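Bear in mind that the values in this text are calculations on the coordinates, not laboratory data. Everything numeric in this text was worked out from a predicted model, so none of it was measured. Because the Cβ atoms are built from the backbone with ideal geometry, glycine has one as well, and the counts that use them run over all protein chains shown.
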Amino acid sequence: MTLRWAAVLVLIAITTWVGPALVIRALVPVLEDGRRGVENHRGRPVFLGLGIVWIVWAAGTRVALAVMHIADSIAVSGSGRFTGGAVGALLVSMPVVLVVGAGAFGLFDDLIGSNEVRGFRGHLSSLRRGRLTTGGLKFLGIGALSAAAAADIVANHEMSAATSASWVLRSAWVVGIWVCATLVIALSANLVNLLDLRPGRALKAYSVLAVPAAFGMAWIVAVGIWRVSDPWYSAPVETFLLTAASLLIVLGPVAAVWRYDIGERGMLGDAGANAAGALAGYLLAQVLPLWGLALAAVVLLELNRSSERVSFSAVIERTPLLRAIDRLGRGSDVP
C-alpha cells in the first residue's frame, strides 16, 4: 500500500505541480520579450500570460488520470482501500472544461478587450444597446459554463437526497442547488478577477477559497470510496495521504506562478484569474450543502456588487488584518 501511495503522490506532484512550474519557468523569458506588456499599480511594466498555467494544470490532471488508468489495467488490485480509485475520483472531479473555457474567455478579453466599459452595469447597458463587449461575452460565456458545471454538482448532491420527498419539494431542491451552484461558480470567477490588482492578491483569494474546499473534497471522496462515516478514524493514514493529494492538485498552479506574480514580473490577467476563480467556486460548491450554497451565493453577489461602489484596495488598506495578508510576501506599494 505504501509503495502504491508513494507512486500516486509522485505522479500527482509531477503532473500538477512540477510540470506547470517547469512550463512557466521556460515560458517566462518568451512572455517578457513579447508585446503584451502592461503597467501594474506602481507603474512597473509586467507581462500578461501567467494565466496559461491553468491550461497546463488542466492538461496535467488528465495526463495523471490517463497514467493511473493504464496502471490499473496492468495491475491486479485486491484491496478495497484502492489508492488509484480514491485519487482518481479526485482527478475526475476537477472541472477541466470549466477551467479551460473560463481561461479562454478571459484570454479573449485580455487580447481584444478595452477598459472603456467596466462592471456588470456597464456591460449590460452596452448589451441593451445591441453592442456586445468582450467583457460582456466573458460574463455570458463563463455564466453558461458555470450553469453546465453546476449540473454535475446537482447530480452529486442528488445521490444523498431524500427519495421520499414529494415531486414539488424535490424539484425545488434540485433547482435551488443548480441556481446557487451556478452563482457561486460564476461569481467566484469574477471576484478573483476583480482582486487581480496587486501582486499575489488573486492567488491568495483563490487559495482562501480552494484550500478548505480541497479538504472537503478529500473527505467526500474518502467517505464514498471506503464506505465509512469517519475516515479519519477508520483509515487515518489513507485519508491523510488523500488530503495531501487534494492539496497538491489545487495548489499546483499557485506554486508555479507565485514568484513571478508576487515579484511583479507578470500578471495572471483575466485568463488566469477567471480560470482560478471558476475552479475555486466549483470546488466550494461541491462540498457545501444547499444552505451553505445559498449563503455563499449571497455573500459573493454582494461582494461583486460592492466592487462597483467601493474600492477593494481602499478597504484592504484600511483594515489592518487584510492589509497584512495582502502585503504578505511582497514589498512596499510606494512607486
Cα-based Rg (one decimal) and Dmax (whole number) for the range 2-327, in Å?
20.4, 64
Can you figure out the FRET efficiency of V38 with T2, using R₀ = 41 Å and their beta-carbon distance, to the nearest 0.05?
0.25
Using just the helices of the chain, give the 222 nm mean residue ellipticity in deg cm²/dmol: DSSP H runs with n ≥ 4 each add -39,500 (n - 2.57), and the total is spread over all residues, rounded to 500.
-24500 deg cm²/dmol
Using a Förster radius of 25 Å, what is the FRET efficiency between V63 and I112 based on their Cβ-Cβ separation? Nearest 0.05, please.
0.25
In terms of the Cα gyration tensor, with a ≥ b ≥ c the square roots of its eigenvalues, is the range 160-292 rounded because a/c is under 1.5, prolate because a/b exceeds b/c, or oblate?
oblate
Could you pull out the GluC sites (Glu not before Pro) across the range 259-327 that fall in loop regions by DSSP (anything but H, G, I, E, B) with no more than 13 other Cβ atoms inside 10 Å?
E308
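Which whole-number percent gives the relative contact order of the range 2-327, counting Cα pairs below 8 Å spaced six or more residues apart? Intermediate results must be reported in sequence, preceding the final value.
Numbers: 431 pairs, mean separation 100.2, N = 326.
Relative CO of the range 2-327 lands at 31 percent.
Expressed in nm to one decimal, what extension gain is obtained for the pair L132 and S306 from 0.36 nm per residue of sequence separation less their Cα-Cα distance? Walk me through the numbers on the way to the answer.
Working: separation 174, 0.36 × 174 = 62.64 nm, distance 2.35 nm.
Stretched out fully, the L132 to S306 stretch lengthens by 60.3 nm.
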Nitroxide proxy distance, nm - points 7 Å out along Cα→Cβ at R259 and A144
4.1
7 Å from Cα along Cα→Cβ at both L322 and V10: what's the point-to-point distance in nm?
4.6
With P20 itself left out, Lys, Arg at +1 and Asp, Glu at -1 over residues whose Cβ is under 15 Å from its Cβ give +2
Modelling each spin label as a point 7 Å along the Cα-to-Cβ direction, I'd like the S171/V298 distance in nm, to one decimal.
2.6
Going toward the positive end of the dipole of the chain, with +1 on Lys and Arg Cβ and -1 on Asp and Glu Cβ, which of V223, V18, L3 do you reach last?
V18
